[in-house]
Amino acid sequence: MAKTRPEPVRDPKTDHLLTPDNCVVVLIDYQPEQYSTITSGSHDEITLNAVAVCKLAAAYDIPVVLSTVGVDMGVNKGTIDAIRQVLPSVAEIDRTGVNSWEDEDFRKVVEATGRRKVVIGGLWTEVCLAFPVLDMLAEGYEVYPVADAVGGISPVSHERAFDRMIQAGAHPVTAISFGSELMRNWARESSDRFRKVLQWYFPERRRIHAKG
């Protein structure tokens, strides 16, 4: 018998997997100054996957928290245009400290979502991502760093930061695995939201790789 109907939908708020109703997306310090020192991976690939996470959040109406560092101090520029174009209405929360969880404004916005599953990216992996991840885990959050949307100042710093986060209880994901977890079933009407992201993603990825 042909299968054309989706399986029953589990409760989207209590599901142990990620759903559009149980997670929040957090993006930290996707700023030109941070990119300029990253050598653990391709800048284009990091941006591609960070933007994919943004597109998925927008497609599935997931709350997004966007933070920068040093903009008000006049030291750094704001979030890169590729992300701002996808999230034009999300206000940036600027900080002076490297650990966003120590910033009261940032912490309050995350807490106000009421969501305990945090899908998170940040530059650098070993500092601006790792520190808040460790703090959130210590406070009982489930934290999902997006491994292909982040980078560190060296491969070693990036990899050891993931070792540290995983040992503390983090659950790494990738941009497209995140989208698949949200979508869950191709027979659902909402799967077209994921399809549209994929239709953008793979041509863009091929373009990046062709550029070399």
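The values are calculated or read from the model by the stated rules, or taken from the named source; none is laboratory data. This structure is a prediction, so every number in the text was calculated from the model and none was measured. Positions of Cβ are backbone-derived with ideal geometry, glycine not excepted, and every protein chain shown enters the neighbour counts. The accessibility values were calculated without ligands, DNA or RNA, using every heavy atom of the protein model including side chains. Shrake-Rupley method; radii C 1.70, N 1.55, O 1.52, S 1.80 Å.
Overview of results
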{"quantity": "Rule-of-thumb Rg ratio for segment 37-93 [Cα; 2.2 N^0.38 Å; N residues]", "calculated": "1.21"}
{"quantity": "At q = 0.14 Å⁻¹, base-10 log of I(q)/I(0) for segment 1-84 (Debye sum, equal scatterers on each alpha carbon)", "calculated": "-0.64"}
{"quantity": "Extension gain, Gln167 back to Gln85 (0.36 nm per residue minus Cα-Cα distance, nm)", "calculated": "26.0 nm"}
{"quantity": "Share of Cα-Cα pairs in the chain lying beyond 24 Å, as whole percent", "calculated": "40"}
{"quantity": "Probe 1.4 Å, all protein chains present, accessible-area order of Asp163, Asp29, Asp61, largest first", "calculated": "Asp61, Asp163, Asp29"}
{"quantity": "FRET efficiency estimate (nearest 0.05) - Cβ-Cβ, Val9 to Arg160, R0 35 angstrom", "calculated": "0.35"}
{"quantity": "Most to least accessible of Lys117, Lys13, Lys55, Lys108 (protein chains only, probe 1.4 Å)", "calculated": "Lys13, Lys108, Lys55, Lys117"}
{"quantity": "Computed [θ] at 222 nm, deg cm²/dmol, the chain (DSSP H ≥ 4; -39,500 (n - 2.57); rounded to nearest 500)", "calculated": "-12500 deg cm²/dmol"}
{"quantity": "Anisotropy class of segment 78-155 from Cα gyration tensor, a/c 1.5 cut", "calculated": "rounded"}
{"quantity": "Global geometry of segment 72-115, whether rounded, prolate or oblate, following the gyration tensor of its Cα atoms and the 1.5 cut on a/c", "calculated": "oblate"}
{"quantity": "For segment 67-212, size of Cβ-based charge dipole, Lys and Arg +1, Asp and Glu -1, in debye", "calculated": "800"}
{"quantity": "Charge context of Ile46, other residues only, Cβ under 14 angstrom, K/R +1, D/E -1", "calculated": "-4"}
{"quantity": "P(r) histogram, all alpha-carbon pairs of segment 109-212 included - 5 Å bins from 0, percent", "calculated": "2, 12, 18, 18, 18, 15, 12, 5, 1"}
{"quantity": "Sequence of Val109, Val133 from largest to smallest accessible area, 1.4 Å probe", "calculated": "Val109, Val133"}
{"quantity": "Cβ-based charge dipole, segment 1-126, positive-most Cα from Val109, Pro12, Tyr30", "calculated": "Pro12"}
{"quantity": "√(5λ) per eigenvalue of the Cα gyration tensor, segment 116-164, largest first, Å", "calculated": "18, 10, 8"}
{"quantity": "Selected from Val24, Val118, Val86 as most flexible by GNM, with the chain as the system and alpha-carbon contacts under 10 Å", "calculated": "Val86"}
{"quantity": "Rounded tilt (10° steps) of 43-59 against the dominant C-alpha axis of the chain", "calculated": "50"}
{"quantity": "Exposure of Arg160 as accessible area (Å², to 10), given a probe of 1.4 Å and all protein chains", "calculated": "120"}
